[in-house]
1. Just checking, which of ASP70, ASP51, ASP33 is without any contact (Cβ under 8 Å) to a residue 12 or more places away in the chain, outside the structural domain of GLU254 (by TED's automatic domain parsing) and not polar (S, T, N, Q)?
2. Name every residue in region 237-271 that is within 20 Å of LEU330 (Cα to Cα) and touching a strand residue (DSSP E or B) at 6+ places or on another chain (Cβ under 6 Å), in order of residue number.
3. Quick one: count up the residues across region 11-30 that are acidic (Asp, Glu) and either under 13 Å from the mean Cα position of the chain (by Cα) or within 29 Å of GLU58 (Cβ to Cβ) (or both).
4. Is at least one residue of region 10-29 surrounded by fewer than 23 Cβ atoms within 10 Å (Cβ to Cβ), under 23 Å from ASP171 (Cα atoms) and in the same structural domain as THR170 (by TED's automatic domain parsing)?
5. Out of curiosity, is ILE237 among the aliphatic types (A, V, I, L, M), without any contact (Cβ under 8 Å) to a residue 40 or more places away in the chain and in the same structural domain as HIS121 (by TED's automatic domain parsing)?
6. Is region 133-154 home to any residue that is touching a Lys or Arg at 6+ places or on another chain (Cβ under 6 Å), farther than 22 Å from LYS50 by Cβ and at pLDDT 95 or above?
7. If the requirement is being in contact (Cβ under 8 Å) with a residue 60 or more places away in the chain and in the same structural domain as ALA309 (by TED's automatic domain parsing), which of these qualifies: GLU223, GLU251, GLU244, GLU275?
8. Would you point out the residue of region 32-59, among those that are surrounded by fewer than 19 Cβ atoms within 10 Å (Cβ to Cβ) and outside any helix (DSSP H, G or I), that is farthest from the ligand (Cβ to nearest atom)?
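The values are calculated or read from the model by the stated rules, or taken from the named source; none is laboratory data. Quick caveat: nothing in here was measured; it's all calculated off a predicted structure. Counting neighbours? That spans all protein chains shown, and the Cβs are built from the backbone with ideal geometry, glycine included.
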Amino acid sequence: MSLSFEESARRFGEVLDRHRSFLLSGHVDIDGDSLGSMLGMLYHLRRQGKDVRALCYEPIHERYAFLGGDEVVEIFDPARHAELARSVDVFMMFDFSATSRMPGLWPLVEAGNAYRVCVDHHPAESLPGHLNLHFPSEPATGSIVLKLIEFLGGEVDRRIAEPLLVAISTDTGWFRYSNTSSAVLADAARLLESGIDSHEVYREIYQRNDTSLIRLMGRVAAEVRDEANGRLLWATIPMALVRELGVGTFETDELLDLLRTGRDAEVVALFRELEDGRVRVNLRSRGAVNVSLLAREIGGGGHRHAAGASIDGPLDAAAERVVSKARAALEAELAAAGSPPPSRMA
Ligand SMILES: [Mn+2]
């Protein structure tokens, strides 16, 4: 049984009243929503006089450095954090429900006595928290955190508003994706009332690319493949190319956005070869095809419009496997919608 927002927020308030030490976790491969939500809550809890620690699983991406997360978020180390995970009063996880997305930490938390709170907006079959603030209709976990803090009467000042704006703006593609509603713009408007400068936040997140990354985007885009008369666009990012151009850590949102500018693109897919030879798959849909089903088939997950997975390489074979599934899903949708299956022009 899922609780109403008011009821679950009230219960969260009781958890806050009763407990003193908190451990927060983002998800592996942390993104703007997971990090921003966690930081917003961290600052709120500290202001309530709580002991708060926060964990992630890799260095925080440079584009989020301006949030100062490096100073307060620790990289999980089982040797250093095992005792904390066992003894802390409350454990909170942000922007994920799958316990596999906190590698190594979940068994420690489960073995301890912490009251577990899951804050998430991804569709999920089972939820790991004692209290689950799980609202799949919300565009971002950051929106849930904002409403929680407001419900509890906390002040949303610049310190808290900035990470929450990062959370909400990144998950909506800077308010361009289909999850952008009047409600999310109203959330953003309340955050701006704190006095933060949205243009500065935009510049920090989206205008920090190294020239090498711009070159990478060009080289990847030059090899874009199209199928089904342009309804399916996809591209690969080989590790050899990343090394050749000397690109450091990077995110692929902009490349996905570029593919999505295709006039007829219903589904786009990007395949990125990882250091260990595995392949990160990112899928986006304009809506007709539910890419979260596709992602789940290959061991991943996500939303109807945006989903992903990590699968075994090699790169080209992995791409071909997923592209053929995407093509089939697209053709099934088109057939169901009554339009003839796409055919190549002679
Ligand atoms: Mn999210």
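1. On the way: ASP51 fails: without any contact (Cβ under 8 Å) to a residue 12 or more places away in the chain; ASP33 fails: without any contact (Cβ under 8 Å) to a residue 12 or more places away in the chain.
That would be ASP70, the only listed residue that is without any contact (Cβ under 8 Å) to a residue 12 or more places away in the chain, outside the structural domain of GLU254 (by TED's automatic domain parsing) and not polar (S, T, N, Q).
2. LEU256, LEU259, ARG260, GLY262, ALA265, VAL267, VAL268, ALA269, LEU270, PHE271, listed by residue number.
3. Narrowing region 11-30 to residues acidic (Asp, Glu): 14, 17, 29.
Applying the additional criterion that residues be either under 13 Å from the mean Cα position of the chain (by Cα) or within 29 Å of GLU58 (Cβ to Cβ) (or both) yields 29.
Total meeting the criteria: 1.
4. Taking region 10-29 as the starting set, the residues that turn out to be surrounded by fewer than 23 Cβ atoms within 10 Å (Cβ to Cβ) are 10-21, 28-29.
Then keep just the ones that are under 23 Å from ASP171 (Cα atoms); that gives 28-29.
Those still in the list that are in the same structural domain as THR170 (by TED's automatic domain parsing) too: 28-29.
Yes, that holds for at least one residue.
5. Values: among the aliphatic types (A, V, I, L, M): yes; without any contact (Cβ under 8 Å) to a residue 40 or more places away in the chain: yes; in the same structural domain as HIS121 (by TED's automatic domain parsing): no.
Answer is no for this residue.
6. Here is the first cut: in region 133-154, the ones touching a Lys or Arg at 6+ places or on another chain (Cβ under 6 Å) are none.
No; the residues of region 133-154 include none that is touching a Lys or Arg at 6+ places or on another chain (Cβ under 6 Å), farther than 22 Å from LYS50 by Cβ and at pLDDT 95 or above.
7. Numbers: GLU223 fails: in contact (Cβ under 8 Å) with a residue 60 or more places away in the chain; GLU244 fails: in contact (Cβ under 8 Å) with a residue 60 or more places away in the chain; GLU275 fails: in contact (Cβ under 8 Å) with a residue 60 or more places away in the chain.
That would be GLU251, the only listed residue that is in contact (Cβ under 8 Å) with a residue 60 or more places away in the chain and in the same structural domain as ALA309 (by TED's automatic domain parsing).
8. First, pick out the residues of region 32-59 that are surrounded by fewer than 19 Cβ atoms within 10 Å (Cβ to Cβ): 46-51, 53, 57-59.
Next, from what is left, pick out any that are outside any helix (DSSP H, G or I): 48-51, 53, 57-59.
Working: GLN48: 24, GLY49: 28, LYS50: 24, ASP51: 26, ARG53: 22, TYR57: 16, GLU58: 17, PRO59: 20 Å.
Going through the qualifying residues, I end up with GLY49.
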